[in-house]
Every structure is written in structure tokens, then in C-alpha cells.
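In what follows, a structure is listed as C-alpha cells, so that the remarks can point back to it.
The values are calculated or read from the model by the stated rules, or taken from the named source; none is laboratory data. The structure presented is a predicted model; accordingly, all values stated were derived computationally and were not measured. Quick reminder, even Gly has a Cβ in these numbers, built from the backbone with ideal geometry, and neighbours come from all protein chains shown. Quick note on the areas: whole protein, heavy atoms, side chains included, nothing else; ligands and nucleic acids left out. Shrake-Rupley method; radii C 1.70, N 1.55, O 1.52, S 1.80 Å.
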Amino acid sequence: MALVKFVLQFFYMEIAKKYDSISAENKWYAHWMKHDFFHSEPDEREAYTIVIPPPNVTGVLHMGHMLNNTIQDVLVRRARLLGKNACWVPGTDHASIATEAKVVQKLESEGLSKQEIGREEFLKHAWDWTEKYGGTIFKQLERLGASCDWQRMKFTLDDDLSDAVRDVFIDLFDKGLIYRGIRMVNWDPSAQTAVSDEEVIHKEVNSKLYYIKYKIEDSNEYITIATTRPETLMGDTAVCVHPEDERYFHLKDKKVIVPLVNRSIPIIQDSYIDMEFGTAMLKVTPAHDINDYELGVKHNLASIDVLNEDGTLSEAAEVFVGMDRFKARKEVAKELERIGQLEKVEEIKNSVGYSERTNAIIEPKLSLQWFLKMENLAKPALENVMNDTIQFHPKNTKNTYRHWMENIKDWCVSRQLWWGHRIPAYYYGEGANDYVIAASKEEALVKVKEKTGKELDLNNLKQDEDVLDTWFSSWLWPISVFDGFKNPEGKDIQYYYPTNDLVTAPEIMFFWVARMVMAGYEYLDKPPFKNVYYTGIVRDKQRRKMSKSLGNSPDPVELIEKYSADGVRVGMLFSSPAGNDLLFDESLCEQGRNFSNKIWNALRLVKSWEIDESKEADEAATIGGKWFENEFQKRVEEINQSYDQFRMSEALMSTYKLVWDEFCSWYLEMVKPSYGEAISGKTYKEVIAHFEQVLRVLNPLMPFITEEIWHSLKKRKDADCLMVNHWPSFAKEAKEIDFDSIKELIIHLRRVRKEKQISMKDSISLLYSGNYNAEYDKIIEKLANVDAISKMNAKPDNFVSFIVKEIEFFVPLLGEVNSEEEKEKLQKELDYLKGFLKSVEKKLSNERFVNNAPEEVVEVEKKKQSEAVSKIELLENQLSNY
């Protein structure tokens, strides 16, 4: 016995009073990596696959990444414990616009420009930048505990992924789905490239509305037209009115003179005009507005582009040539005022489009670009989401998806950049169709010779200067990371595809999710994933989106160092229901750290007990063990259901309550030996087994502290790690046990002790009146220090009473009891119950609720009603005794 005691006390001394999170995190992550626990290869097990939404190659971890990757890691770690072959593929995106902008800024700081140094030299700088700043985010994700298969790391500019992008472009062109044409695009004058509709952020801003007077040709009469863009009036090629607007019948077939440039333009009629809006007269500038462009096509109007690619006025503007568009706006207004053709200026608010990447104001611009026809690609992608082949979580996101897919436009896939996948188009002449699409210049030359019959050489060919939209590589991601284009019968693509779950943000539903679904059905006739879990946007307590500019976004690594990786993971999940915004509060991470402390203290408590192998288990511990086994099973079944339905916050809360309440606050108290006594060896082994079960369930959420405790509970082999252990499973169904009433009874007894100042050292007696089950008497006696529980034959002289589940309990007391105080307490409880009963009866009297609510919900309300009625009757009887 003395030896057992000595060994145990020595082991306990090795367990620190406080959990050292940084030391544990560094130790266990290195240990997991050493044993290749994150790596996956195809085998006989069921595959579980997630592909990471690739962050920008030079990006750093922000709060959105923290939330997204925490959820992915929880899912992957749980899948491993479930015995699946889990593969989480990491990787980065080359981020054409963002990366090129950074490199251009660097060059400018050195007095250089990309045009001066040329494409080849610029790309060297871009690769140097990528190598210098790339990979930071993954070092940060390691700190979070992300269990990615780092051996499978991918980059969208890797040779194999680049080949896939090129080959898909060629294939889609050969199918007639990719074409080249002049269309109105969103132009970013800062990046000097086209951007997609989804990359344009619309903001409500203060603007001015300029009322400009146009002189009617061969007349002294003027008409007035309002615009927010006077700098584009030099590109006007018509004025439009509604054909049924009687106010302007007299203007039919007439012309007006464009101010400043004195060009004569026609007055046209079109039902597009809203007769109730403003002056019901529109200046038509086809080169600078999408609606004007459509009118121009319809009425065969000329298109005059008055802006250069950098946002300055072009030669076609004739005036203020080379001036920035916004300065020109002011100068045009001044000149109009000088010549008497600016009637007035009003202050207004209007919506203006900004580039998501550079924050430059977008210009609608006619441009020669490459486009992908989307209509037919979208059909299977829409059908298979709406029929739940691919399930969205939350389900209401399907409505947004459907709206976009039913109104889909052709995708402008070209970008006027150098960093990215260069378009595999080769030009051999100046004609509109003097090009071929090919995998290489050599292949292009063969095609050109076949097409033209001319003897040309490689020097006669020039590759397209533009690159493809970054999303053109990302939409192939779930296939290309497994080499599914070059090797569609390969073991990786056959085993890991379709992937299981995608965790992403709803704002890239169209950029990425929809397009991946299209690519999956176009190339493998399969969905790319089975479930899509949309996280919310991380906001601060004032509901503002977190951003560096607002200064409201904490540094994730600093949070980890302050609260531990496990604490931050739990903090992020505490308020992250699918699709709903997460209102982040640093106190949530503190709560996560407190949770870690609770579990650590549970370890210290258990390891402090002396063990007596010869001692019989006490009845309370035996009963408590059986109760906890049953309760644990019920809770794990709830947790499984939450995970299966992607209710991550609910899974966390159920786990949290299981650990904090059921295990730490109740079970350990039931089995804890009395002060100065040893615990039986049998009970101790049972406690360790239950502790291990709890750690298994907690591990996906808090991998570091659970691994540390796992190895502290007992000696294990080096590779016997919790992260590759197994998730709890059960052979039989859990029993329905009403232990809540036992908890309520013990809480009442503790309250009596506190109110009557009865020390826990002093035992009390408990009497009852009613149908009482004595099964858990030993638990009550131990946790409330009750020396006897018996049926009441006669009321004691002095007592305190209370009601639990229609049973009246009495605690005999020494000395006088203040009757008025007791009556007041009973009256308060009675008043509360009557109010509660009234609210329940109101609900049950509502036919709509009774008829539409699930049957089990209605039954719960009826049970509440019955219990309240019984309690009220007992309380009224108690009050009558005073």
C-alpha cells in the first residue's frame, strides 16, 4: 500500500499545476508529424476527403480562415477516429490580381515598372515574391492544429495543375464553349484588367447629380439630362426618350449637340426608358454603361470609348485628354458652367461598384476578351444541388444558388495580367480569327499550317498576352489535386473523388462552389463533393465585418499564444451556426481556455487519488459509473447527430456540457474518495476508462490538451496517440433514466445547507412523501451528506420542505424555523409556477401550434402542464400547513 501511494504521489508531482499550452502544442504537433499521422494513401478503408479552399499564396491567417479551418480540422479529426482514411489536401492559390498588384508596388518602390522590365523579368520578380512570402499561412495553420496532409501540398501554378488548366481551356474551346469577342466588362483601372461581376463590391456613396443642357440642333431650345458621370458625355452617341411620352413627341427625328465636343447625335425612342424617373430622358453612352451598350446594339449606335485602360481620358474624348477621370469630372463641370450648360448640381447617394481586390472604382468598358458559355454547364450543376445530390448546409443557401444559376451569364475568363496561366491562344495575323488554340507553340504551328496552308515558322506566332481568371484554376481544384485530368483512372482520383465535405464562405458560392460543381459534372460526371457547409462572416460585437482597416481584427497567432490553440478553436465554434455570422468576442476564447483548465484540473484530481487494489468499490461509485456510461452514450448519440447535420455549435455545446457538467461536476464527485481515504482499484480503472472516452469525444475540438492528458493518464507506447485511436461506439441502446430529478434534489439539499448555514461536515436526514424511487439513494447520501432517507410518517416539528417532480421532501432541522420566511419562499415559487402554467396553457390552446408542431413537441408541453398542475397542488397544501 505504501509503495502504491509513493509511486502515485511521485507521478502526480510530474503533472504541472497549470497546463502549458505552448509546450504541449509544439511537442504534439511535431510528434504527429514524425509519425505521419496526417498522411493518407488509398487503402481498403472508407475514404474521407476534404480539399482546403486555397488561400492566397502570400496570404496570412485572418479570423475567417481561423473559423473555416477549425471546422475542417474538427471534421477531419473526427473522421480519423471513426476509422476512415482521412485526407485533407492543403494548397494555395496564385491570386493573379492581388499578387501582381503587390509585385507592381514593390517594383515601383524600386523605381521600376513591369512594362520597362518586360514579362519574363517581371515573372522572375513574382516568383521571388511568392517564394519569400508564400507558406506563412500554413505555418500559422500548424499553430492552430490543422491536420492537413502536408505531403500533398498543391499550388495552382504547379506544373501538373497548370497543364490541367491549359488542357481544359483547349477542350472547352474545341467544344465551342469558349469564344473571343468584344463585350461590356467590369474594368479595374488600377489593376488594368477585367474582373467578374462577383469581384465587384457595391457601396452606397455620396455623389453629385449634374443637370446638363443639350442644345437641340437648328433651334434655340435646350433639353436637360441628369447624369452622375459628366466626364463621359464626350462619348454620348444618342439621347433616348420613351415612344409614348407625350412631352417629347415634338423631338421625334431631331438631333442634339453634345456640349464641349459639338457633335450632333440623334434623339431615339425606346420603351426601356422609365417615364416616371427624373426627366425621363437618357444620354446614351454605349462604351461606358452596360444598359447604354444594349441600347446601342439595338439601335445601331456608334460606340466612343473616352477612357484609357488606366482611367485617364483618351484621344477619343477630344478634351482633357490624359487627365484622370475624377479630375476630368470636375473640369467638365466647370467648363459646362462657364458656357452656361450646367443647369444645377444636386447632392445624392448612389451605389458605386468597387474592385474587390484593389478598391478602385469599376468602369464599365467595352473590351476584347475570352468568354466561357455557361448556360449548358450550369444545368446539371443546378439540378444536382436542388435535388440534394449535393447538400447545402444551411439549406436556405440553395435559394441564393438557384437564383444565380438561373440567371447565369457567360464567364469572362481572361485577365489583362502577366502572373497566372497564360491563355494558350497563338496569333499569326491581324484578322479577328487569325489564331489557333494549342498546348504549345510547336503544336500551334502545326495547327496554323493546317488551317492556312502557309509555310510559317515559330517566329510568325505570338501567344496571347493575357492570363486566365484565377478562378479558372480553382474551379478544377477537387479534380486537379488528385491528377484527375491527366490520369482519370489513377488510384488517387478513383479513391478520393468525389470528396466528402467542402467548408467555405457563402460569398464565394458563385466564384468557386458553383463552378467546381460544373467542372465535376462536365469532366467526371460526378459531383465534386457531397456536402457544402457555409460558414458565416466573422464580425465584431458591433456587427462590423472584421478588417485591418477598421482595426477590429485580432491577430490569430497572438490569440493562440494568449488563450491556447484549443481555447481559440472552442472560442470560434461557440457562436458559429452554419450560414449565420459569427459575432466574435475575445471572451469566447477565454471561455475556451477556462474549459481547458477545467479538464486539466480533472486530470490533477484523478491523479492525486491513492489507489487501494484490495478495497471494494463503494456503492455510490458503482451506481455513478453505470449512470455515467448510460449518460455518456446518450450524449454521444446527440453529438453524432449534430455532426451528421453539420450543427457544429450544437456538437460543441453538447460536448462541453458532457465534459464540464456530467463528467467533472457530477461523475467525478460520485466516485471521489472521502478525504484521507483511497479509491478502490476497480473504481479507479473505471474512472480512467471513462476519462479516455471523454477525451475521444473532445479530441476533434481540442486536439492538443486531450493528447497531453491521454498520455498523462497512463503509460503508453510512442505511437499510441489519441488522434489515431477510435470514436466511441455502443453495442446496445442507452436507457432512459430520469437523473435530472436526482440532480435537482441534490441541488435543493445544498441550497438548504447554504441558507440554514449547515456545514457539509454535518449530516442531515431526508424525509419524503409520495412515490419515491430509492435507486440513487447512495448518490444522494454521498453528494449531500445525508445520513438517512425515509418515508415520512409524521411531520417533524421544525423542517424545510421542497418539491421535486411531484414528490414532497422534508429536511428536519434543529431549532426554530422562521415560518414567515418559508411561507414567502413557497408563495414566490407558487406565483412563478402559476405564471408558467398560464404560458404553457396559452400555447396548448393555440390550434395552430397543436396542429403544426411535431407530436413530440406537443407532448413535452403537455407534460410540462401536468407537472406544473401537480406542483401547484402540493405547494398550496404546503402553504396551508403554515
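Results, tabulated for the structure shown:
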| quantity | calculated |
| --- | --- |
| Accessible area (Å², per residue) of the range 127-208, counting only protein heavy atoms and a probe of 1.4 Å | 44 Å² |
| Å² of accessible area per residue within the range 319-467, as computed with a 1.4 Å probe and no ligands counted | 52 Å² |
| Gain on full stretching of the segment that runs from K349 to S608 - 0.36 nm per residue minus C-alpha separation | 86.4 nm |
| Amide H within-cut-off set for T49, under 5 Å, with H built and near neighbours excluded | C87, N500, D501 |
| Protection proxy ranking of 187-199, 626-638 - average other beta-carbon atoms within 10 Å, highest first | 187-199, 626-638 |
| Residues in the range 742-768 reached by a label modelled at E619 [backbone nitrogen below 15 Å; 7 Å Cα→Cβ] | 766 |
| Reachable lysines from K252, criterion Cα separation under 27 angstrom, eight or more residues apart if same chain | K213, K215, K283, K298, K344 |
| Per residue accessible area in Å² of the range 478-604, where ligands, DNA and RNA are left out and the probe is 1.4 Å | 37 Å² |
| 21 Å Cα-Cα threshold exceeded, pairs from K615/K672; K682/K714; K17/K682 | K17/K682 |
| Sulfur and carbon atoms: percent of accessible area, the chain [1.4 Å] | 48 percent |
| Rough spin-label spacing in nm, given labels placed 7 Å along Cα→Cβ, for K395 and L550 | 3.2 nm |
| Beta bridges per DSSP with both ends in the chain, % antiparallel, nearest 5 | 70 percent |
| Gyration tensor verdict on the range 336-392 (Cα atoms; rounded if a/c is under 1.5, prolate if a/b is larger than b/c, oblate otherwise) | prolate |
| All aspartates and glutamates inside 17 Å of K871 as judged from Cα atoms, apart from same-chain residues fewer than 8 positions distant | D740, E744, E806, E808, E822, E824, E829, D831, E841, E861 |
| Charge dipole (the range 460-552, unit charges on Cβ, about Cα centre) - positive-most of V538, F482, W512 | V538 |
| Sequence-distant residues sharing a close amide H with K254 (under 5 Å, placed H) | I267 |
| Share of Cα-Cα pairs in the range 655-727 lying beyond 21 Å, as whole percent | 30 percent |
| FRET E, pair E455, D718, Förster distance 60 Å, beta-carbon r, rounded to 0.05 | 0.30 |
| Those chymotrypsin sites (Phe, Trp or Tyr not before Pro) in the range 640-719 that DSSP places in a loop and that have at most 12 other beta carbons within 10 Å | Y675 |
| Over the chain: helical MRE at 222 nm, DSSP H runs n ≥ 4 each giving -39500 (n - 2.57), nearest 500 | -13500 deg cm²/dmol |
| C-alpha long axis of helix 114-133 to longest principal axis of the chain, angle in ° | 10 degrees |
| Alpha-carbon centroids, the range 687-764 and the range 790-804: separation in whole Å | 33 Å |
| Long-range amide H partners of L583 with built H, under 5 Å | R539 |
| Point-to-point label distance, S587-D160, nm (Cα→Cβ direction, 7 Å offset) | 5.0 nm |
| Inter-probe distance in nm under a simple model that places probes 7 Å from Cα toward Cβ, at K18 and K791 | 5.7 nm |
| Neighbour cut-off at most 10 other Cβ (10 Å), DSSP loop, GluC sites (Glu not before Pro), the range 696-796 | E733, E736 |
| Computed lengthening from S440 to N376, 0.36 nm per intervening residue step minus Cα-Cα distance | 20.2 nm |
| FRET efficiency, 1/(1 + (r/R0)^6) with R0 51 Å, evaluated for E315 and H39 via beta carbons | 0.25 |
| In Hz, Karplus ³J(HN,Hα) per residue of the range 650-665 (6.51, -1.76, 1.60; θ = phi - 60°; x = Gly, Pro) | 5, 4, 5, 5, 5, 5, 4, 5, 4, 6, 5, 7, 5, 7, 6, 7 |
| Loop trypsin sites (Lys or Arg not before Pro), the range 467-549, which have at most 13 other Cβ atoms in a 10 Å radius of their Cβ (DSSP) | K486, K541, R543, R544, K548 |
| Above-threshold pairs, the threshold being 29 Å between Cα atoms, out of K782/K862; K255/K334; K373/K526 | K782/K862 |
